[in-house]
Amino acid sequence: MNDFKAYLVESDAGGVRAGFTRLTDAQLDAGDVTVRVHHASVNYKDALATSGKGKIIRRFPCIAGIDAVGVVEASDSPRFRAGDSVVVHSHGFGVSHHGGYAERARVPADWVNRIPDGLTPLEAITLGVAGYTAALAVDLMELNGCAPARGPVAVNGATGGVAGVAIDMLARRGYEVVAITSKPAEAQYLRELGAASIVAASELQTGSRPLESARWAAAVDNLGGEPLAGLLRTMNKDAVIASIGNAAGIELHTTVMPFILRGVRLIGVNSDNDTALREHLWQRMATDLRPQHLDRIRRVVPFDRLPSVVDDLIAGRNRGRAVIEIDAGG
Ligand SMILES: NC(=O)c1ccc[n+]([C@@H]2O[C@H](COP(=O)([O-])OP(=O)(O)OC[C@H]3O[C@@H](n4cnc5c(N)ncnc54)[C@H](OP(=O)(O)O)[C@@H]3O)[C@@H](O)[C@H]2O)c1
(Lines give C-alpha, C1' and ligand atoms only; values in the text may rest on other atoms or scores of the structure.)
Protein backbone atom coordinates (compact mmCIF):
# COMPACT_ATOMS: atom_id res chain seq x y z
CA MET A 1 0.00 0.00 0.00
CA ASN A 2 1.68 3.24 -1.11
CA ASP A 3 -0.76 5.66 0.36
CA PHE A 4 -3.72 5.21 2.65
CA LYS A 5 -6.84 6.98 3.90
CA ALA A 6 -6.64 8.74 7.26
CA TYR A 7 -8.74 11.08 9.41
CA LEU A 8 -6.32 13.84 10.31
CA VAL A 9 -6.72 16.54 12.96
CA GLU A 10 -4.98 19.83 12.20
CA SER A 11 -4.73 23.16 13.97
CA ASP A 12 -4.26 26.68 12.64
CA ALA A 13 -5.26 30.22 13.52
CA GLY A 14 -8.89 29.29 12.82
CA GLY A 15 -8.82 26.50 15.39
CA VAL A 16 -8.87 22.71 15.27
CA ARG A 17 -10.40 20.91 12.28
CA ALA A 18 -10.46 17.31 11.18
CA GLY A 19 -10.93 15.74 7.78
CA PHE A 20 -10.14 12.80 5.52
CA THR A 21 -6.87 12.82 3.62
CA ARG A 22 -4.33 10.42 2.15
CA LEU A 23 -0.92 9.84 3.75
CA THR A 24 2.07 7.66 3.01
CA ASP A 25 3.98 5.22 5.21
CA ALA A 26 6.82 7.74 5.39
CA GLN A 27 4.47 10.12 7.24
CA LEU A 28 3.69 7.64 10.03
CA ASP A 29 5.41 8.08 13.38
CA ALA A 30 8.27 5.83 14.48
CA GLY A 31 7.48 2.51 16.17
CA ASP A 32 8.36 -1.18 16.39
CA VAL A 33 5.10 -2.55 15.07
CA THR A 34 3.24 -1.71 11.83
CA VAL A 35 -0.41 -2.71 11.77
CA ARG A 36 -2.91 -2.87 8.95
CA VAL A 37 -5.94 -1.42 10.73
CA HIS A 38 -9.31 -3.11 10.18
CA HIS A 39 -11.46 -1.38 12.82
CA ALA A 40 -11.20 1.48 15.30
CA SER A 41 -13.81 2.81 17.73
CA VAL A 42 -15.17 6.17 18.84
CA ASN A 43 -14.52 7.02 22.47
CA TYR A 44 -15.62 10.22 24.17
CA LYS A 45 -11.97 11.35 24.06
CA ASP A 46 -11.94 10.87 20.27
CA ALA A 47 -15.04 13.02 19.97
CA LEU A 48 -13.41 15.78 22.03
CA ALA A 49 -10.19 15.46 19.99
CA THR A 50 -11.68 15.54 16.50
CA SER A 51 -14.29 18.19 17.24
CA GLY A 52 -11.77 20.45 18.99
CA LYS A 53 -14.15 20.60 22.00
CA GLY A 54 -11.37 19.38 24.27
CA LYS A 55 -7.60 19.96 24.27
CA ILE A 56 -6.83 16.30 23.65
CA ILE A 57 -4.41 16.33 20.70
CA ARG A 58 -0.93 17.21 21.89
CA ARG A 59 0.84 17.19 18.49
CA PHE A 60 -0.58 18.53 15.23
CA PRO A 61 -1.23 17.24 12.66
CA CYS A 62 -2.33 13.98 14.22
CA ILE A 63 -4.39 11.04 13.02
CA ALA A 64 -7.02 10.67 15.74
CA GLY A 65 -8.34 7.40 17.17
CA ILE A 66 -7.20 6.10 20.56
CA ASP A 67 -7.80 2.42 19.79
CA ALA A 68 -7.70 0.08 16.81
CA VAL A 69 -7.54 -3.59 15.87
CA GLY A 70 -5.83 -5.12 12.88
CA VAL A 71 -3.11 -7.43 11.70
CA VAL A 72 0.64 -6.95 12.16
CA GLU A 73 2.37 -6.29 8.85
CA ALA A 74 5.91 -5.86 10.21
CA SER A 75 7.49 -6.02 13.65
CA ASP A 76 10.92 -5.23 15.09
CA SER A 77 9.67 -6.48 18.48
CA PRO A 78 10.17 -10.12 19.47
CA ARG A 79 6.65 -10.01 21.02
CA PHE A 80 4.89 -9.80 17.62
CA ARG A 81 5.10 -11.40 14.20
CA ALA A 82 3.55 -10.54 10.85
CA GLY A 83 0.03 -11.94 10.77
CA ASP A 84 -0.70 -11.50 14.50
CA SER A 85 -4.15 -10.18 15.25
CA VAL A 86 -3.68 -7.27 17.66
CA VAL A 87 -5.33 -4.42 19.52
CA VAL A 88 -3.53 -1.07 19.86
CA HIS A 89 -4.55 1.56 22.44
CA SER A 90 -3.69 4.20 25.03
CA HIS A 91 -0.48 6.11 25.83
CA GLY A 92 0.12 8.53 22.92
CA PHE A 93 -2.02 6.68 20.36
CA GLY A 94 -4.30 9.21 18.64
CA VAL A 95 -3.13 11.96 20.99
CA SER A 96 0.57 12.70 20.50
CA HIS A 97 1.29 9.96 17.92
CA HIS A 98 -0.75 9.04 14.85
CA GLY A 99 -3.72 6.92 15.93
CA GLY A 100 -6.27 4.44 14.71
CA TYR A 101 -8.38 6.36 12.15
CA ALA A 102 -6.19 5.26 9.23
CA GLU A 103 -5.57 2.12 7.24
CA ARG A 104 -2.05 1.91 8.72
CA ALA A 105 -0.61 2.47 12.21
CA ARG A 106 3.00 2.27 13.40
CA VAL A 107 3.49 2.24 17.18
CA PRO A 108 5.79 1.19 20.04
CA ALA A 109 5.29 -2.47 20.95
CA ASP A 110 4.22 -1.53 24.49
CA TRP A 111 0.99 -0.06 23.07
CA VAL A 112 0.06 -3.37 21.41
CA ASN A 113 -1.60 -6.54 22.75
CA ARG A 114 -2.26 -9.77 20.94
CA ILE A 115 -6.04 -10.36 20.87
CA PRO A 116 -6.48 -13.19 23.35
CA ASP A 117 -8.14 -16.50 22.55
CA GLY A 118 -11.82 -16.15 23.33
CA LEU A 119 -12.27 -12.72 21.70
CA THR A 120 -12.73 -11.99 18.00
CA PRO A 121 -11.12 -8.80 16.60
CA LEU A 122 -14.59 -7.22 16.35
CA GLU A 123 -15.25 -8.05 20.01
CA ALA A 124 -11.83 -6.70 20.97
CA ILE A 125 -12.51 -3.31 19.36
CA THR A 126 -16.03 -3.23 20.79
CA LEU A 127 -14.21 -3.36 24.12
CA GLY A 128 -11.35 -1.05 23.04
CA VAL A 129 -10.28 1.65 25.49
CA ALA A 130 -13.82 1.75 26.91
CA GLY A 131 -13.90 -1.94 27.79
CA TYR A 132 -10.31 -1.94 28.95
CA THR A 133 -11.06 0.95 31.31
CA ALA A 134 -14.22 -0.74 32.60
CA ALA A 135 -12.16 -3.90 33.27
CA LEU A 136 -9.50 -1.87 35.07
CA ALA A 137 -12.20 -0.24 37.20
CA VAL A 138 -13.70 -3.60 38.20
CA ASP A 139 -10.23 -4.99 38.90
CA LEU A 140 -9.34 -2.02 41.14
CA MET A 141 -12.76 -1.93 42.86
CA GLU A 142 -12.48 -5.58 43.83
CA LEU A 143 -8.92 -5.08 45.06
CA ASN A 144 -10.45 -2.40 47.31
CA GLY A 145 -13.05 -4.68 48.88
CA CYS A 146 -15.95 -4.51 46.42
CA ALA A 147 -18.01 -7.73 46.26
CA PRO A 148 -21.55 -8.62 45.11
CA ALA A 149 -22.76 -9.36 48.66
CA ARG A 150 -21.99 -5.81 49.79
CA GLY A 151 -24.91 -4.24 47.89
CA PRO A 152 -25.86 -2.38 44.72
CA VAL A 153 -23.35 -0.83 42.30
CA ALA A 154 -24.31 2.42 40.56
CA VAL A 155 -23.05 3.04 37.01
CA ASN A 156 -23.72 6.54 35.65
CA GLY A 157 -23.68 7.83 32.08
CA ALA A 158 -25.21 4.39 31.61
CA THR A 159 -25.91 4.52 27.88
CA GLY A 160 -22.26 5.40 27.15
CA GLY A 161 -19.52 3.06 25.96
CA VAL A 162 -17.57 2.56 29.19
CA ALA A 163 -20.77 2.28 31.20
CA GLY A 164 -22.40 -0.29 28.92
CA VAL A 165 -19.44 -2.63 29.18
CA ALA A 166 -19.15 -2.03 32.93
CA ILE A 167 -22.84 -2.89 33.45
CA ASP A 168 -22.41 -6.10 31.46
CA MET A 169 -19.20 -7.12 33.29
CA LEU A 170 -20.58 -6.37 36.75
CA ALA A 171 -23.92 -8.11 36.14
CA ARG A 172 -22.10 -11.17 34.89
CA ARG A 173 -20.10 -11.25 38.13
CA GLY A 174 -23.28 -11.27 40.19
CA TYR A 175 -23.53 -7.61 41.15
CA GLU A 176 -26.87 -5.84 41.44
CA VAL A 177 -26.26 -3.03 38.94
CA VAL A 178 -28.22 0.21 39.06
CA ALA A 179 -27.93 2.11 35.77
CA ILE A 180 -28.15 5.90 36.13
CA THR A 181 -29.00 7.62 32.86
CA SER A 182 -30.26 10.87 31.39
CA LYS A 183 -32.13 8.72 28.84
CA PRO A 184 -34.75 6.70 30.75
CA ALA A 185 -36.25 5.74 27.37
CA GLU A 186 -33.21 3.43 27.00
CA ALA A 187 -34.29 1.36 30.05
CA GLN A 188 -34.95 -1.75 27.96
CA TYR A 189 -31.44 -1.64 26.44
CA LEU A 190 -29.88 -1.19 29.88
CA ARG A 191 -31.88 -4.09 31.32
CA GLU A 192 -30.74 -6.28 28.43
CA LEU A 193 -27.12 -5.55 29.38
CA GLY A 194 -27.85 -6.73 32.91
CA ALA A 195 -28.98 -3.67 34.88
CA ALA A 196 -31.34 -4.71 37.69
CA SER A 197 -32.90 -1.25 37.87
CA ILE A 198 -32.76 2.11 36.14
CA VAL A 199 -32.62 5.52 37.83
CA ALA A 200 -33.15 8.78 35.94
CA ALA A 201 -30.19 11.10 36.50
CA SER A 202 -32.68 13.92 37.18
CA GLU A 203 -33.93 12.05 40.27
CA LEU A 204 -30.46 12.29 41.80
CA GLN A 205 -30.22 16.06 41.74
CA THR A 206 -30.16 16.14 45.51
CA GLY A 207 -29.28 18.79 48.05
CA SER A 208 -25.84 19.84 49.15
CA ARG A 209 -25.62 18.36 52.66
CA PRO A 210 -22.23 16.69 53.17
CA LEU A 211 -23.94 13.31 53.61
CA GLU A 212 -27.34 12.05 52.50
CA SER A 213 -29.13 8.69 52.72
CA ALA A 214 -26.67 5.93 51.83
CA ARG A 215 -27.63 3.91 48.73
CA TRP A 216 -24.64 2.41 46.96
CA ALA A 217 -21.96 -0.14 47.92
CA ALA A 218 -19.91 0.86 44.90
CA ALA A 219 -20.09 3.13 41.88
CA VAL A 220 -18.51 3.50 38.45
CA ASP A 221 -18.41 7.23 37.72
CA ASN A 222 -18.11 8.24 34.08
CA LEU A 223 -19.17 11.84 34.58
CA GLY A 224 -17.21 13.74 37.25
CA GLY A 225 -18.64 17.13 38.27
CA GLU A 226 -21.92 17.27 40.20
CA PRO A 227 -22.89 13.62 39.49
CA LEU A 228 -19.69 12.45 41.23
CA ALA A 229 -20.26 14.86 44.12
CA GLY A 230 -23.77 13.40 44.45
CA LEU A 231 -22.46 9.85 44.51
CA LEU A 232 -19.96 10.77 47.24
CA ARG A 233 -22.80 12.05 49.44
CA THR A 234 -24.83 8.86 49.02
CA MET A 235 -22.33 6.00 49.34
CA ASN A 236 -22.65 3.27 51.98
CA LYS A 237 -20.01 2.80 54.66
CA ASP A 238 -16.71 1.53 53.18
CA ALA A 239 -18.03 1.91 49.64
CA VAL A 240 -15.74 2.21 46.62
CA ILE A 241 -16.08 4.66 43.70
CA ALA A 242 -14.05 4.24 40.52
CA SER A 243 -13.49 7.70 39.01
CA ILE A 244 -13.21 7.19 35.26
CA GLY A 245 -14.60 10.14 33.37
CA ASN A 246 -15.51 13.79 33.09
CA ALA A 247 -18.44 13.91 30.63
CA ALA A 248 -20.31 16.22 33.05
CA GLY A 249 -17.29 18.27 34.14
CA ILE A 250 -13.77 18.23 35.55
CA GLU A 251 -14.53 19.99 38.82
CA LEU A 252 -15.39 18.19 42.03
CA HIS A 253 -16.97 20.07 44.92
CA THR A 254 -17.20 17.85 47.96
CA THR A 255 -16.30 17.62 51.64
CA VAL A 256 -14.12 15.16 53.50
CA MET A 257 -17.19 13.76 55.33
CA PRO A 258 -17.78 10.77 53.00
CA PHE A 259 -14.15 9.78 53.53
CA ILE A 260 -13.82 10.26 57.29
CA LEU A 261 -17.34 9.30 58.44
CA ARG A 262 -18.20 6.57 55.92
CA GLY A 263 -14.72 5.40 54.88
CA VAL A 264 -15.58 5.91 51.21
CA ARG A 265 -12.70 5.08 48.87
CA LEU A 266 -12.42 7.19 45.72
CA ILE A 267 -10.05 5.42 43.38
CA GLY A 268 -8.62 6.84 40.18
CA VAL A 269 -8.73 4.86 36.95
CA ASN A 270 -6.28 5.64 34.16
CA SER A 271 -5.91 3.41 31.12
CA ASP A 272 -2.23 4.13 30.37
CA ASN A 273 -0.68 1.03 31.89
CA ASP A 274 2.44 -1.10 31.60
CA THR A 275 2.65 -4.28 29.55
CA ALA A 276 2.01 -6.64 32.47
CA LEU A 277 -1.22 -4.95 33.58
CA ARG A 278 -2.46 -4.65 29.98
CA GLU A 279 -1.84 -8.37 29.43
CA HIS A 280 -3.61 -9.21 32.71
CA LEU A 281 -6.69 -7.17 31.81
CA TRP A 282 -6.97 -8.38 28.20
CA GLN A 283 -6.83 -11.96 29.50
CA ARG A 284 -9.55 -11.17 32.04
CA MET A 285 -11.72 -9.56 29.35
CA ALA A 286 -11.51 -12.81 27.37
CA THR A 287 -12.39 -14.97 30.41
CA ASP A 288 -13.97 -14.04 33.74
CA LEU A 289 -14.76 -10.41 32.77
CA ARG A 290 -15.93 -11.26 29.26
CA PRO A 291 -19.08 -9.24 28.57
CA GLN A 292 -22.05 -11.24 27.30
CA HIS A 293 -23.78 -8.59 25.20
CA LEU A 294 -21.08 -7.03 23.02
CA ASP A 295 -23.24 -7.52 19.93
CA ARG A 296 -25.98 -5.47 21.62
CA ILE A 297 -23.53 -2.74 22.70
CA ARG A 298 -21.84 -2.45 19.28
CA ARG A 299 -22.87 -0.80 16.04
CA VAL A 300 -20.52 -0.90 13.03
CA VAL A 301 -20.25 2.30 11.01
CA PRO A 302 -18.42 2.95 7.70
CA PHE A 303 -15.27 5.11 7.93
CA ASP A 304 -16.94 7.95 5.99
CA ARG A 305 -19.59 8.33 8.70
CA LEU A 306 -17.07 8.94 11.52
CA PRO A 307 -17.85 12.72 11.66
CA SER A 308 -21.56 12.09 12.33
CA VAL A 309 -20.75 9.63 15.12
CA VAL A 310 -18.53 12.30 16.70
CA ASP A 311 -21.41 14.80 16.51
CA ASP A 312 -23.69 12.33 18.30
CA LEU A 313 -21.21 11.75 21.14
CA ILE A 314 -20.66 15.46 21.66
CA ALA A 315 -24.43 16.04 21.72
CA GLY A 316 -24.89 13.22 24.30
CA ARG A 317 -26.92 11.20 21.75
CA ASN A 318 -24.65 8.15 21.86
CA ARG A 319 -25.65 4.67 22.92
CA GLY A 320 -23.08 1.92 23.43
CA ARG A 321 -19.99 1.60 21.26
CA ALA A 322 -19.54 2.79 17.69
CA VAL A 323 -17.02 0.65 15.81
CA ILE A 324 -15.59 2.24 12.66
CA GLU A 325 -14.91 -0.03 9.71
CA ILE A 326 -11.58 1.36 8.53
CA ASP A 327 -10.77 -1.36 6.00
CA ALA A 328 -13.91 -2.89 4.51
CA GLY A 329 -11.86 -5.91 3.40
CA GLY A 330 -10.51 -6.52 6.92
N1 LIG B 1 -9.77 7.32 32.82
C2 LIG B 1 -9.56 6.79 31.63
O3 LIG B 1 -8.49 6.26 31.33
C4 LIG B 1 -10.70 6.83 30.65
C5 LIG B 1 -10.79 5.87 29.63
C6 LIG B 1 -11.93 5.87 28.82
C7 LIG B 1 -12.91 6.84 28.99
N8 LIG B 1 -12.75 7.79 29.96
C9 LIG B 1 -13.80 8.81 30.19
O10 LIG B 1 -15.00 8.14 30.55
C11 LIG B 1 -16.11 8.93 30.16
C12 LIG B 1 -17.06 8.05 29.34
O13 LIG B 1 -16.44 7.75 28.11
P14 LIG B 1 -17.24 7.00 26.95
O15 LIG B 1 -16.30 6.79 25.84
O16 LIG B 1 -18.00 5.89 27.53
O17 LIG B 1 -18.28 8.19 26.53
P18 LIG B 1 -19.72 8.10 25.85
O19 LIG B 1 -19.88 6.82 25.14
O20 LIG B 1 -19.91 9.37 25.10
O21 LIG B 1 -20.70 8.06 27.10
C22 LIG B 1 -20.84 9.12 27.99
C23 LIG B 1 -22.23 9.06 28.61
O24 LIG B 1 -22.29 10.06 29.62
C25 LIG B 1 -23.56 10.70 29.60
N26 LIG B 1 -23.30 12.11 29.25
C27 LIG B 1 -22.79 12.61 28.11
N28 LIG B 1 -22.66 13.94 28.18
C29 LIG B 1 -23.08 14.29 29.41
C30 LIG B 1 -23.19 15.52 30.10
N31 LIG B 1 -22.83 16.68 29.53
N32 LIG B 1 -23.66 15.51 31.36
C33 LIG B 1 -24.01 14.36 31.94
N34 LIG B 1 -23.94 13.16 31.33
C35 LIG B 1 -23.47 13.14 30.09
C36 LIG B 1 -24.41 9.99 28.59
O37 LIG B 1 -25.05 8.91 29.26
P38 LIG B 1 -26.58 8.96 29.78
O39 LIG B 1 -27.35 9.77 28.77
O40 LIG B 1 -27.01 7.53 29.81
O41 LIG B 1 -26.58 9.57 31.14
C42 LIG B 1 -23.37 9.40 27.64
O43 LIG B 1 -23.86 8.28 26.94
C44 LIG B 1 -15.55 10.12 29.40
O45 LIG B 1 -15.44 11.23 30.25
C46 LIG B 1 -14.17 9.64 28.99
O47 LIG B 1 -13.28 10.70 28.74
C48 LIG B 1 -11.67 7.80 30.77
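The values are calculated or read from the model by the stated rules, or taken from the named source; none is laboratory data. These numbers come from a predicted model, not from an experiment. Note that we place each Cβ from the backbone using ideal geometry, even for glycine, and neighbour counts take in every protein chain shown. All accessible areas refer to the heavy atoms of the entire protein, side chains included, with ligands and DNA or RNA removed. Shrake-Rupley method; radii C 1.70, N 1.55, O 1.52, S 1.80 Å.
A few points about this structure:
- Trypsin sites (Lys or Arg not before Pro) within the stretch 68-164, DSSP loop, no more than 13 other Cβ atoms inside 10 Å: R81
- Accessible area per residue in Å² at 1.4 Å probe, computed on the stretch 220-330: 46
- Protection proxy ranking of 161-167, 191-197, 305-311 - average other beta-carbon atoms within 10 Å, highest first: 161-167, 191-197, 305-311
- Amide H contacts of H38 (H built 1.01 Å from N, under 5 Å, at least 5 apart or other chain): V69, G70, V71
- In this simple spin-label model, placing a label point 7 Å from the Cα along the Cα-to-Cβ direction at both R317 and T120 gives a separation of 2.9 nm.
- Magnitude of the charge dipole, the stretch 129-268, Cβ model with Lys/Arg +1 and Asp/Glu -1, debye to 20: 300
- Here the simple spin-label model places points 7 Å from the Cα toward Cβ, and for S202 and A13 these points are separated by 4.6 nm.
- Build a GNM of the chain with springs between Cα atoms under 10 Å apart, and of S41, S202, S85 the one that fluctuates most is S202.
- Under the membrane-span-like helix rule (DSSP H runs whose alpha carbons stretch at least 15 Å along the helix axis, mean Kyte-Doolittle hydropathy -1.0 or higher), the chain yields 121-143, 161-172, 275-286.
- Beta bridges per DSSP with both ends in the chain, % antiparallel, nearest 5: 55
- Highest GNM mean-square fluctuation among A315, A137, A49, for the chain modelled with Cα contacts below 10 Å: A315.
- Rg [Å, one decimal], Dmax [Å, integer] - the stretch 1-124, C-alpha atoms: 13.9, 48
- Gaussian network model of the chain, springs between alpha carbon atoms under 10 Å - residue of D221, D168, D288 with greatest fluctuation: D288
- Long-range tail of P(r) for the stretch 128-210 (Cα pairs > 16 Å, %): 50
- Counting only residues at least eight positions apart within a chain, or on another chain, the lysines with an alpha carbon under 25 Å from that of K5 are K45, K53, K55.
- Cα-projected label distance for R191 with D25, points at 7 Å along beta-carbon direction, nm: 5.4
- Applying 0.36 nm per residue to the separation of A74 and R305 and subtracting their alpha-carbon distance, the gain on full extension is 80.2 nm.
- Normalised contact order of the chain, rounded percent, pairs of Cα under 8 Å and 6 or more residues apart: 18
- Ratio Rg/Rh, restricted to the chain and using Cα atoms, in which Rh is the Kirkwood radius: 0.98
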